[in-house]
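Scroll down for the structure; my scribbles are underneath it.
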Amino acid sequence: MVDCFADADFAGLWNAEDVHDPLCFRSRTGYVITLGDTLVLWVLKLQPQITLSTTESEYIALSTAMCDLLPICRLSFELFD
């Protein structure tokens, strides 16, 4: 069984360093993909664009995780089918 847990940190770097730096307004994406009880992929990175809401950053985190999840699902179906 393949599981994916995705989350986003909306504007996680805001007011951390320089308020005029556009990188400070970017959200973070994090997700974990497991196969059974085994960790397959763990990702934490800044989102490529500035989001305007928590919901938007969560959608971007989910779509980013799905880009890695679908090939892993296909591979697991080929291996265990």
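The values are calculated or read from the model by the stated rules, or taken from the named source; none is laboratory data. For clarity, every value in this text was computed on a predicted model and none was experimentally measured. Quick reminder, even Gly has a Cβ in these numbers, built from the backbone with ideal geometry, and neighbours come from all protein chains shown. Just the protein is used for accessible areas: all its heavy atoms, side chains included, with ligands, DNA and RNA removed. Shrake-Rupley method; radii C 1.70, N 1.55, O 1.52, S 1.80 Å.
The residues listed here are D3, D81, D21, D68; of these, the one that is at pLDDT below 90, open to solvent by less than 90 Å² (accessible area, probe 1.4 Å) and of a type outside the set (S, T, N, Q) is D21. Could you grab me the full set of residues in the range 24-42 that are closer than 13 Å to D9 by Cα and open to solvent by less than 30 Å² (accessible area, probe 1.4 Å)? Once the filter is applied, which keeps residues that are closer than 13 Å to D9 by Cα and open to solvent by less than 30 Å² (accessible area, probe 1.4 Å), the range 24-42 yields C24, S27, T29, G30, Y31. Note on the range 53-81: residues that are of a type outside the set (D, E, K, R) and under 13 Å from A8 (Cβ atoms) total 11.
State all residues of the range 43-52 that are farther than 12 Å from A11 by Cα and open to solvent by less than 40 Å² (accessible area, probe 1.4 Å); if no residue qualifies, say none. V43, the sole residue that qualifies.
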